[in-house]
Each structure stands twice: as structure tokens, then as C-alpha cells.
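In what follows, a single structure is set out as C-alpha cells and then discussed.
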């Protein structure tokens, strides 16, 4: 079945540590996105990528970094500069780039601070 | 500035009733208006979406009503069932980046 796989499902970060969240899609989609979800806040865009080797900052990119070396993979690194990283992180993809395309989501990674 | 305002924040409906969730947006450049359904511990799933060239779209028990002049759109769930209990998000899109989401509505259908 085609879809988006996020791993791990749960992740714990120590103070001063960088952690990387994995996102893999086998839908052959061009565009990929990372969102952060906090209770009562909806989903907020962290980074997005329209093609391989290119990505753009979203609304809340500070303290995060991404790479897009392969079409099917878009890992997100939560750096030690992100002071409030506890959240539910969602990866999405769309067939074509642009905000007017249907987006398909993975089942998320829940990140907590130890 | 909040680009999309969703209401109510929470909603309780009796089984068999109609659930209505509303969203209002600011930017007239948006041209894609989806609704997503999310269950606890899962990612959002696209439920239904509309583009501004039509005023209503129906898929099974789910209907989107769209009012372009008022910059509002709503989700109607007919014959609501306990399995519809979830969090619902509206979103708007049209630019080069991703969707902009409302803050969500926690819907509970009482049996």
C-alpha cells in the first residue's frame, strides 16, 4: 500500500541534544511538508520541499532543519536551539507542489523532553 | 494574523443529529478548502474538499457549503454517528507553501 511512514512513533530528547525524525513516502509525490501540532493550536508549517535538493522555511522554522536528498525522504532534525520541542510532528506529501493540492499525512511522531 | 478561524472549539451532538463546523478566512487568493478528520494518535486524513467555483459539495453524509462573498465555508455531517467522534480541521490553500489550518474542532457524538 502506498503511503507515508514516520518513525519513530515516540521519541525522547535530552537537553542539548539534536534528534532526527524520519519521513518516507512511496506515493511518488513531488512535494513534502513538516507540520507541528500542539493541543488547541492546529497544525503549523515548519518546512516544505517542492523538489529534491530544495526546501523552504515555513511559519515556525527556527530551531529545526531539514534535507531532501531523495524524492521519497524528508527527514526533520529538531536541534538544541528549539527550546520547546515537545509536540506531535506530522509529515505530509502532495502530488504537485502548491497549497491548493490534497495533502496526505503520516501518523506522526510524538516528541517529548526527558 | 490568523488566516483561518474555526468554530466551535468543541461540539457535542446526539447520534443521528447534524454536526456543523464553520471556518472563516481572510485572503481572497485562497482557492482550495479541504476538511481533515483526525483520530487520537493518528495523522489527519482528507475528508472532503472544495474549490471556489462551486458553492456546495456532497460526499455521502459529509457536505461542504462554501460562501465566497462572505469568505466562509462549513462542514455538515448528516446522521452523525459515534464513529464520527474525532477532531476536525479546516484548511485553506493557494500559495506556493503548504496549507494553513484552523485550530480544530473536537466533535463528540453521544450514542
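Cβ-to-Cβ counts within 10 Å put B:15, A:14 in ascending order as A:14, B:15, the fewest first. Going by neighbour counts of Cβ atoms within 10 Å, the residues A:88, A:105 line up, fewest first, as A:88, A:105.
Once both labels are positioned 7 Å from their Cα atoms along Cα-to-Cβ, the gap between residue A:14 and residue B:5 label points is 4.7 nm. The alpha-carbon atoms of chain B define a convex hull whose volume equals 100 cubic angstrom per residue. A full extension of the chain between residue B:26 and residue B:71 corresponds to an added length of 15.5 nm, given 0.36 nm per residue minus the alpha carbon distance. Across region B:82-111, the residues whose backbone nitrogen lies under 19 Å from the label position 7 Å along the beta-carbon direction of residue B:14 are B:82-85, B:107-111. Per residue of peptide B:46-53, the mean number of Cβ atoms on other chains within 10 Å of the residue Cβ is 1.
Normalising the average separation of contacting C-alpha pairs (under 8 angstrom, six or more residues apart) by the number of residues puts the relative contact order of region B:26-68 at 28 percent. Cα centroids of region A:54-114 and region A:28-52: 5 Å apart. Spin-label model, residue B:81/residue B:55: points 7 Å from Cα along the beta carbon direction are separated by 3.1 nm. If you model the protein assembly as shown as an ellipsoid using its alpha carbon gyration tensor, with each semi-axis the square root of five times an eigenvalue, the axes come out at 30, 20, 16 Å, biggest first.
With only the Cα atoms considered, region A:4-104 has a convex hull volume of 96 Å³ per residue.
Pair-distance distribution P(r) for region A:1-41, from all Cα-Cα distances in 10 Å bins starting at 0: 19, 44, 30, 6 percent.
Where a number appears in this text, it was derived from the coordinates with a stated rule and is not lab data. Just so it is clear, the model here is predicted, and its values are computed rather than measured. Backbone-built Cβ (ideal geometry, glycine too); neighbour counts: all protein chains shown.
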